[in-house]
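K.L.:
Handing you a structure now.
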Amino acid sequence: MAIDAKQFHCPNCYADLKFDPTLQHFTCEYCRSTFTEAEVTDFMLRYMEQEQQYSGLEEGQLPAEPEITEAERREREKFNEETQLYSCPSCGAEIISDGNTAASFCYYCHNPVILKGRVDGMYRPSMVLPFVFDKDAAVNYFNEWARSKFFIPKDLISTAQLDKLTGLYVPFWVAKSSTSSKLEAIGENIRSWTSGNYRYTETKRYRVVREATINYEGVPADGSKKIDDLLMESIEPYNYAEAKPFNMAYLSGFYADKYDVDKEQVFPRIQDRMYSNNGRLLESTTNYSALVSKQQFNRTDTLSWDYMLLPVWFMTFEYKGKMWEYAVNGQSGKVAGELPVSKGKLTAFCILIAALITLAIFFGGYFLA
């Protein structure tokens, strides 16, 4: 296996090596080590073999899908017959509801929606996490959260606006996975002290290797393009132990979004979340002042999926020509969303503060005179 010179790294700290023509060796400016070409080539070959060992599933690469069973085919046909699909002519959102729930408005832009037809059985979820509390409780959670913030527009918590809070089942791909991860780094312990007129700094370096198998029971990624990913992540976590096998009865009185992002598209996002967490877990087992020259190797060993509907109380708020989105976790009550600032309230507050400062200066000068 050929190794290109630009790939040469220090076997001790993984910094870039430079060729010293005087010594006819490769030298590391960081840790002051010196190596022959044979030593560096041997290290890089072993490094590439290790990287290949941990390559696993690449981004977007998923295991082959199993054939659907006859029972699953019948369930999909039943789902097709029992669900209605509504379409918003304004923003293009597609809303799923059961046959007994008439969708009258779009939960994104609040414009009227029209009946489009039936829902293809392939969109039938495998699991559903039912709502735990009703709309009144959701309004209370939102009010408690919003009223604790300053300078929000009063219309945000008006009765007319809060009435738009909608119970929505959001489509999620939830992954169960086993991963292998290895961390290699240089650990530094640094201490400084002063003696006489001099200050000394001592740095000790150690080679650090951590390796572990890390299992994940439920890593979620929403399957809707119209809902902000960060907003959905902000109301996590959910307790997936409470999830139930899908039944149309759970949709009664609620809406459900139809996924338009498949698992091949969300897999890189889920994989990145797992691998980033792997790195944090491995680093947490070390006890150094700093970790430098870090190299992490990851592999996805096993992977399985649930297409799941998760409960969200969802609301949009139009203010100053911009649409603001809010979400309340339908299981825990956790609220998230970016809040607009009322310039009128902010201006009034600034005027009040300026007036108080002016009075304080005036009366302070009066009593000192």
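K.L.:
From A2, A38, which residue is part of a loop (DSSP other than H, G, I, E, B) and either modelled with pLDDT of 75 or more or loosely packed, with under 11 Cβ neighbours inside 10 Å (or both)? Before you say what the answer is, go through the steps one by one.
P.N.:
Details: A38 fails: part of a loop (DSSP other than H, G, I, E, B).
That would be A2, the only listed residue that is part of a loop (DSSP other than H, G, I, E, B) and either modelled with pLDDT of 75 or more or loosely packed, with under 11 Cβ neighbours inside 10 Å (or both).
K.L.:
Follow-up question, since we're still on this one. Kindly check whether there is at least one residue in the stretch 332-342 that is modelled with pLDDT of 80 or more, hydroxyl-bearing (S, T, Y) and touching a strand residue (DSSP E or B) at 6+ places or on another chain (Cβ under 8 Å).
P.N.:
no
K.L.:
Give the stretch 313-330 a look and list any residue that's open to solvent by less than 10 Å² (accessible area, probe 1.4 Å) and within 12 Å of F142 (Cα to Cα), or say none.
P.N.:
Scanning the stretch 313-330 gives F314, M315, Y326, A327, V328, N329, G330.
K.L.:
Would you call A138 open to solvent by less than 30 Å² (accessible area, probe 1.4 Å), over 24 Å from the mean Cα position of the chain (by Cα) and modelled with pLDDT of 90 or more?
P.N.:
Here the answer is no, as A138 does not meet what is asked.
K.L.:
With in a helix (DSSP H, G or I) and open to solvent by 30 Å² or more (accessible area, probe 1.4 Å) as the only criterion, which of L291, L281 stands out? Outline the logic, then answer.
P.N.:
Values: L291 fails: in a helix (DSSP H, G or I).
On inspection, the qualifying residue turns out to be L281.
K.L.:
Regarding the stretch 243-259, can at least one residue be identified that is modelled with pLDDT of 90 or more and of a type in the set (F, W, Y)?
P.N.:
Checking the stretch 243-259: not a single residue is modelled with pLDDT of 90 or more and of a type in the set (F, W, Y).
K.L.:
Output the residues belonging to the stretch 209-240 that are touching a helix residue (DSSP H, G or I) at 6+ places or on another chain (Cβ under 8 Å), open to solvent by 60 Å² or more (accessible area, probe 1.4 Å) and aliphatic (A, V, I, L, M).
P.N.:
Passing the criteria: none in range.
The values are calculated or read from the model by the stated rules, or taken from the named source; none is laboratory data. The shown structure was predicted, so the numbers you read here are calculated from the model rather than taken from an experiment. Don't worry about glycine lacking a Cβ; one is built from the backbone with ideal geometry, like all the others, and counts go over all protein chains shown. Surface accessibility is based on the protein's heavy atoms, side chains included, excluding ligands, DNA and RNA. Shrake-Rupley method; radii C 1.70, N 1.55, O 1.52, S 1.80 Å.
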